[in-house]
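The block underneath contains the structure these notes are about, expressed in structure tokens.
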Amino acid sequence: MAIDASLATELKGLDALESATDEAPLAGRVWAQTWPKIAAIGLFVGLWQVVVWFKLKPSYVLPGPGSAFGEFAHQLTQGTFWHATAVTMTRGVVGFLIASVIGLLLGVAVARSKVLRAAIGSLITGLQTMPSIAWFPLAILLFQLSEKAILFVILIGAVPSIANGVISGVDYVPTTLVRAGRNIGARGIALYRHIILPAALPSIVSGLKQGWAFAWRSLLAGELIVAIANRPSLGAFLANSRELGEPSYMLALMIAILLIGVLVDSAFAAVDATMRRRRGVGALS
């Protein structure tokens, strides 16, 4: 009994030492993730201000950071800005969710079938390399100036990236892991559900992150081209600001679009960090 109690005490001490070594305080982890972004933004704003000071571009073309951020702060008090942001985000989230379902199913199907891989494997990669803007003439021809045209381009931009993430992840699952799964009776869908897809999850998350980037770019490109009545959006406001000659307003909208992108990237980074921590994979220092 005394030996068991001593062993338990030693194991608790080792667990505490490991957690103290691997798990930094929450404030420290948040700051470690935040300060590089703040520094990068500060550097960019500083270079922007230098360009303004040296008058490399006239102020009516490129206003200073103070004017742009002041306009951004003003827009945060406007209901129309939040309405447009809600419309854009709704389009982006809905399009991304649909693209995720299609991309995941397509990726699994291509990864499982040699015939499908030979038939459309390279086509998926080819679609991924095409600029989203190139699809809009066809989208407008098929769906006119409508929500469907924007959704079509979001899907055609995001689905290949997500599918390629699944295919790449499945391809790099260790064969020993697959054999171990088969030895315990996993076959077909069960093998993919319990063995292959969990092992491929890091690559799948990376594909989803890239898919969101393609979806977001496609969405903003679509809103710049496709203006829908009674559906204000960030892209439509951005196009209007250029036509009306309001550079401060245009830059404020670009700041908003950038911030949304950074926030979504941070969400994916948090998911990735949690996944790596659960798998016992630490970041290289």
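The values are calculated or read from the model by the stated rules, or taken from the named source; none is laboratory data. These numbers come from a predicted model, not from an experiment. Note that each Cβ is placed from the backbone with ideal geometry, even for glycine, and that neighbours are counted across all protein chains shown.
Here are the numbers for this structure:
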| read-out | value |
| --- | --- |
| Residue within the range 240-255 that is without any contact (Cβ under 8 Å) to a residue 40 or more places away in the chain and either of a type in the set (Lys, Arg) or in contact with a strand residue (DSSP E or B) (Cβ under 9 Å, 6 or more places away or on another chain) (or both) present | yes |
| The range 21-42: number of residues that are at pLDDT below 70 and surrounded by 10 or more Cβ atoms within 10 Å (Cβ to Cβ) | 10 |
| Helices (runs of 4 or more DSSP H) contained entirely in the range 172-227, each with at least 1 residues that are within 14 Å of the chain's Cα centre (by Cα) | 201-225 |
| Boolean, Ile140 is in a helix (DSSP H, G or I), over 25 Å from the mean Cα position of the chain (by Cα) and under 25 Å from Leu224 (Cα atoms) | yes |
| Odd one out for Leu145 among (1) assigned to a helix (DSSP H, G or I); (2) in contact (Cβ under 8 Å) with a residue 60 or more places away in the chain | (1) |
| Filter pass, Leu56 being outside any helix (DSSP H, G or I) and free of Cβ contacts under 8 Å to residues at least 60 places away in the same chain | yes |
| Filter result (polar (S, T, N, Q), assigned to a helix (DSSP H, G or I) and out of contact with any Pro (no Cβ under 7 Å at 6 or more places or on another chain)) within the range 228-278 | Asn240, Ser241, Ser266, Thr274 |
| Exclusive hit being assigned to a helix (DSSP H, G or I), touching a helix residue (DSSP H, G or I) at 6+ places or on another chain (Cβ under 7 Å), closer than 22 Å to Pro202 by Cα and aliphatic (A, V, I, L, M), set Val110, Val153, Val93 | Val110 |
| Only one of Ile150, Ile167 that is surrounded by 12 or more Cβ atoms within 10 Å (Cβ to Cβ), in contact (Cβ under 8 Å) with a residue 40 or more places away in the chain and over 23 Å from Arg91 (Cα atoms) | Ile167 |
| From Gly222, Gly211, residue being at negative phi, crowded, with 17+ Cβ neighbours inside 10 Å and modelled with pLDDT of 90 or more | Gly211 |
| Of all residues in the range 43-62 being β-branched (Val, Ile, Thr) and closer than 24 Å to Glu243 by Cα, the one that is surrounded by the most Cβ atoms within 10 Å (Cβ to Cβ) | Val52 |
